[in-house]
Each structure stands twice: as structure tokens, then as C-alpha cells.
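Values in this text are rule-based calculations from the coordinates and carry no lab data. From a predicted model like this one, the values you see are computed outputs, not experimental measurements. Don't worry about glycine lacking a Cβ; one is built from the backbone with ideal geometry, like all the others, and counts go over all protein chains shown.
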Amino acid sequence: MAKYKLEYIWLDGYTPLASLRSKTQIKEFASFPKLEELPNWGFDGSSTQQAEGKSSDCVLKPVAVFPDVTRRNGVLVMCEVMMPDGKTPHPSNTRATIPDDPGTWFGFEQEYFFYKDGAPLGFPAGGFPGPQGPYYTGVGYKNVGSVAREIVEKHIDICLDAGINLEGINAEVAKGQWEFQIFGKGSKNAADQMWVARYILARLTEAYGVDIEWQCKPIRGPFNQPLDWNGSGMHSNFSTERMRSEGGKEYFEKLMAAFAKHMDEHIAVYGPDNHLRLTGLHETQSIDKFTYGLADRGASIRIPHSFVNSGYKGYLEDRRPNSAADPYLVAGRILKTIQSVA
Ligand code: ADP
Ligand code: MN
Ligand code: MN
Ligand code: MN
């Protein structure tokens, strides 16, 4: 037997941006615990905007388990929040509400800013660095500073050791802005991995005095100037079994018609403040337009060359979801729209 450190992770009830919360419980197991072996647990929902003070207990129901190599016998336990009966999903529990299908694959590109002392990492105190250009996929101290790469390297290893399908990283267009990509099969699985990868990153940067800014348009200056700094997206690449094996131009056009029809429902779950980011500038489409285009990074949905070259088969990229969006709701909405097409 060994004592395992079980880190129960959940999403709080804050709107429009839920935050990650977690706490540790120590339990003895013969070997690394399986999901079925992990008990439900509780927390004080009155401190997370999930309950009134009088009847404050909420239930944590484990839904996914990952090894945590940063701690001896460490376990990351992603949870759904349930009502006190343990059976009814709490209103903040988005995971419980979405359609799922293991044949639908998602690749999320998570962009974010490192923040230190109230500004993006690498911004000079009270001012702005040189304009965008050299930072995207940049190398060298003047472009990426001295600690960002150390953090993203550690993030890769912790995620891979946890069994998370992190597929890559890159420095992004704005200074202090980076991206990682997560791939998963099924909307719940892919989004679980994304939330845990976000958790790992936010926890990792504590020791550096650095925060992660998930908000999609943190820099709106310089003062009196146009919005000259890129925002952060969570481009969501998706493919269903039918899109990969059968595809076809006719089916593709039906899919796009459904995405156009449900534009408002998509935008509603694609993250707060998205009007600040989806402006038609900085490789985005305007928030009130739906367009798609071949290799078009100014479209709502980008069609990769590979998709057309293989006879309208493969995956598509929805470029509208933002960095703060809830991947459960994003994946669920995409799947719902696809399922509405005969
Ligand atoms: P870019 O920056 O050019 O938009 P990235 O390489 O950052 O592209 O991201 C591409 C994403 O597409 C990755 O997250 C990858 O997992 C995902 N992807 C690749 N093939 C598929 C597929 N068949 N279904 C869903 N997602 C896919
Ligand atoms: Mn990318
Ligand atoms: Mn990117
Ligand atoms: Mn992309």
C-alpha cells in the first residue's frame, strides 16, 4: 500500500469566466488508483459561487484521472460538480450537459499570455516593447525572454507524463504570448485534457511569480492607438468519423450552412469578451459574420489544404473560440451543430 496525493480539480461558479479550483486528499491504494476507485468528495460551494451559505456542500465526482509526476504518488483528478444528492449535475457543471461521441476528434490550440507584475512577461515597466513581428515562433532573449521557454518545456513534460496528448507548443505573435495544442477523441475527453493542461500550467507558473492571462484581449493599447496587439484564441479543429471517411463537397456545404444558421449559439459559448478579439483584424473574422475559406486565417472556419486535396475529407478549424472559452461548451456546441445535419 502507498499513500497517494489525490488532487481533486473542478470549475467554480464564477461567470462569465469559471476558474479552476483544487484541493488535496490523501488516500491509501495498493497501486495507482483507477477512476472507479476514487470516491466522491465535497467542498464548500458558498466560497466558489456554487451554493448559499446555509446549505453549502457541493459534491465532487471524479471523471478523469492523470498521474502527476510533480509530486510523489501524485494524482490529478478532474471532477464534475454535483448537487448534494450526488446525482444531479450542478448548474455550473457544463460537462454534464454536452453531447459526446468518441468518433469526433478535437484539436484545441490554446493561446495565452504569461503575466508578471500586471503586464505581459517581457513588457518593459509602464511601457510597450517593439511592435509585433519577431515574437511569433521567435528565438533569442530579446524575443522570448529568459523564463518563458523553461516554463513551456516543463509544461510539455508534465503533460506528457500525465498521459495528456499535448501535441506541440509555439511562441505567439504578441510578446509574452504562447500556445500549446491538445488533441483528444470525444468532446468530454478532449476538454478534460485541456482543463487539466490549463491547470498544470497555472500551477507550474506560481513558483516563477508568473500568472496565466486567459482573457482573450488583455492588451488594448498603446493609449489612444488602435488595438495593435493580437488577442488569444482557442482555435478548435474538429473531425467526425463521417468527415474523415466519407466527406464530400455536398456534405461539407451542408455543414457550413448549419454553422451559419447557428452562428449566435456558437458565439455564445466561444468565450467572454470575444467582440474585442473578433474584429476582422489580426487573423480573425468579425464577430457578427460567418465565413469559411481555403487556408483563410481571416475566416470564421478555415479549410486546410489537405481537406480539399483529399476530396473534402478530414478536419476543419473553427477559429472563433477564444482562449478563455470553456472547451466542454465549445466541443459540445460543434458536435451539436454537426449532429443537426442529416
Ligand atoms: P495552425 O496553427 O496552423 O492553425 P496547429 O498545428 O497549431 O495549426 O493545430 C492543428 C490542430 O489540428 C492540432 O491541435 C491537431 O491536433 C488538430 N488536428 C489534426 N488532425 C485532426 C483531425 N483529424 N481531427 C481533429 N483535429 C485534428
Ligand atoms: Mn496553432
Ligand atoms: Mn496560434
Ligand atoms: Mn490555428
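Here are some notes:
- Put simply, the amide H of G233, placed in the peptide plane, has neighbours under 5 Å in E111, S323, leaving out anything fewer than 5 places away on its chain.
- Remark: for residue pairs K261/K289; K261/K336; K254/K289, the C-alpha separation exceeds 20 Å in no case.
- 3J(HN,Hα) along region 178-183: 9, 9, 10, 10, 10, 10 Hz, from the Karplus curve 6.51 cos²θ - 1.76 cosθ + 1.60 with θ = phi - 60°, whole Hz, x for Gly and Pro.
- FRET efficiency, E36 to R72 (Cβ-Cβ, R0 25 Å, nearest 0.05): 0.60
- Length gained when the stretch Y14-K27 is fully extended (0.36 nm per residue, less Cα-Cα span): 1.7 nm
- For region 2-82, lysine pairs with C-alpha atoms less than 28 angstrom apart, excluding pairs fewer than eight positions apart on the same chain, total 13.
- Both radii come from the Cα set of region 196-341: Rg as radius of gyration, Rh as Kirkwood radius; their ratio Rg/Rh reads 1.02.
- Label positions at H275 and R297, each projected 7 Å from the Cα along the C-beta direction, are separated by 2.7 nm.
- Mean residue ellipticity (222 nm) of the chain, computed from DSSP H runs ≥ 4 via -39,500 (n - 2.57), nearest 500: -7000 deg cm²/dmol
- Kirkwood hydrodynamic radius of region 2-82, from inverse mean 1/r over distinct Cα pairs, in Å: 13.2
- R0 of 25 Å, Cβ-Cβ distance E283-K249: FRET efficiency to nearest 0.05: 0.45
- For region 105-339: relative contact order, % (alpha-carbon pairs under 8 angstrom, 6 or more apart): 23
- Multiplying the residue separation of N165 and D101 by 0.36 nm and subtracting their alpha-carbon distance yields 21.3 nm.
- 3J(HN,Hα) from dihedral phi, region 57-69, Karplus parametrisation 6.51/-1.76/1.60, rounded to Hz, x for glycine, proline: 6, 10, 10, 9, 10, x, 10, 7, 10, 9, x, 10, 6
- Within the chain, the longest run free of exposed loop sites, counting trypsin sites (Lys or Arg not before Pro) that sit outside DSSP helix and strand states (H, G, I, E, B) and have at most 10 other Cβ atoms within 10 Å, spans 88-342.
- Its alpha carbons considered, the chain gives a radius of gyration followed by a Dmax of 20.5, 63 Å.
- Filtered GluC sites (Glu not before Pro), region 239-281: DSSP coil and at most 16 other beta carbons within 10 Å: E246
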